[in-house]
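Before any comments, here is the structure.
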Amino acid sequence: MMRTQFFLTRGKPYAVAAGAGIAAGVLFSLTHQATFLATALAYLSPLPIMIAMLGFGRTAGIGAAIAASVTVFALAIAQMRHGPWTRGVDEAGLAALIFALSLGLPALWLSFLAALSRIKGNAPWTISSAAARSFAREYFPLERILTYAVAISATIAVAAAIYVTFRHGPLEAVIERAVKEVTPVLERIVGENPSLPAGIHLHAIARLIVLAAAPAMAASSLVMLMANLWLAGRVAEVSGRLPRPWPDIARELQLPRMYALVFATAVGASFLGALPGLISAIVAAALGMGFALQGLAVMHDLSRGARIRTPLLIAIYFAIILLMPWPLILLTLIGLIEAAFSLRQRKAKAAASKL
């Protein structure tokens, strides 16, 4: 009886950690299948860790991240069919390390931040108990969560670019080797006699794809982390375990204004070429996606009360899916305009003055 009571009270976070970690590790390990469904499921690999952190606390979240890394290591070992055992261990260890640094720790950190709150004033940030939430508290701002997510996404992509150049030689040589591998793939897709505009060749398109890979990685990582955090929050809210009230995302999601200048600087520096230009492009892509998310929040907020709100938002999401990347560029511009003119704040003040 005592053991059963201990498990129900103290053992639950460890059980959740084990289950969530195994789920996250299995989802991540699907990436080696290289199919659309496997990739889509792998994008959800941070979700179990975030749910464990938001719904069951720090112990469950940390345990889930550790269990996920161990699961990735074990599955990588199991998938090794050929080669010496020591090489398999090295490759499995690298896979576990990549997961921990690119997904496990970012998922743990962002969900930890989302769970933080404090008594209004200068009190330290903590994960409050259910009893403490009955007092007036302020919760960790979405602005800082998005800022951290942008920084993490850019850092991961920059680290990957630096690692590739460190391991495979100068950046230009790496790009040319990648272009030689991508060009035949494009030739098989478009056929032997593609009808391309004058002056444009498959080699140039392949080079553009290769150069865009690292910035696209930063932007997609940001979307993945924020989307999984939203999903984890919804799951925790439905189960009654979310440690904070659901935030007004449309009103609160934003980046600091000064980041608009950083974005402009990064865009300009991306034309430098070589590794500094690539790093600048990565930073610009991460910030651009951050402002695109801010622009999307602006559209949600400004359309409140409008009769066409639902069809408008549906059209926006369909456009994002079907017309990439142009809708994201437009949303980025809206996010930058919001940073300059505070459209949502102006709307709130106008609405308050009518009362």
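The values are calculated or read from the model by the stated rules, or taken from the named source; none is laboratory data. What you are looking at is a predicted structure, and each value in this text was computed from that prediction instead of being measured. Quick reminder, even Gly has a Cβ in these numbers, built from the backbone with ideal geometry, and neighbours come from all protein chains shown. Just the protein is used for accessible areas: all its heavy atoms, side chains included, with ligands, DNA and RNA removed. Shrake-Rupley method; radii C 1.70, N 1.55, O 1.52, S 1.80 Å.
Observations, loosely collected:
- Identification of helices (runs of 4 or more DSSP H) wholly contained in the range 41-126 with 1 or more residues that are farther than 29 Å from residue 230 by Cβ and open to solvent by less than 20 Å² (accessible area, probe 1.4 Å) yields 58-79, 85-99.
- Residue in the range 128-146 that is part of a loop (DSSP other than H, G, I, E, B), in contact with a Lys or Arg (Cβ under 7 Å, 6 or more places away or on another chain) and either modelled with pLDDT of 95 or more or surrounded by 14 or more Cβ atoms within 10 Å (Cβ to Cβ) (or both) present: yes
- Where a residue in the range 239-251 is under 22 Å from residue 347 (Cβ atoms) and its partner, wherever it lies, is surrounded by fewer than 17 Cβ atoms within 10 Å (Cβ to Cβ), with Cβ under 8 Å and at least six apart: 246/237; 249/230; 250/304; 251/348
- In the range 324-343 there is at least one residue matching the filter, namely being out of contact with any strand residue (DSSP E or B) (no Cβ under 6 Å at 6 or more places or on another chain), open to solvent by 90 Å² or more (accessible area, probe 1.4 Å) and touching a residue at least 12 places away in the same chain (Cβ under 8 Å).
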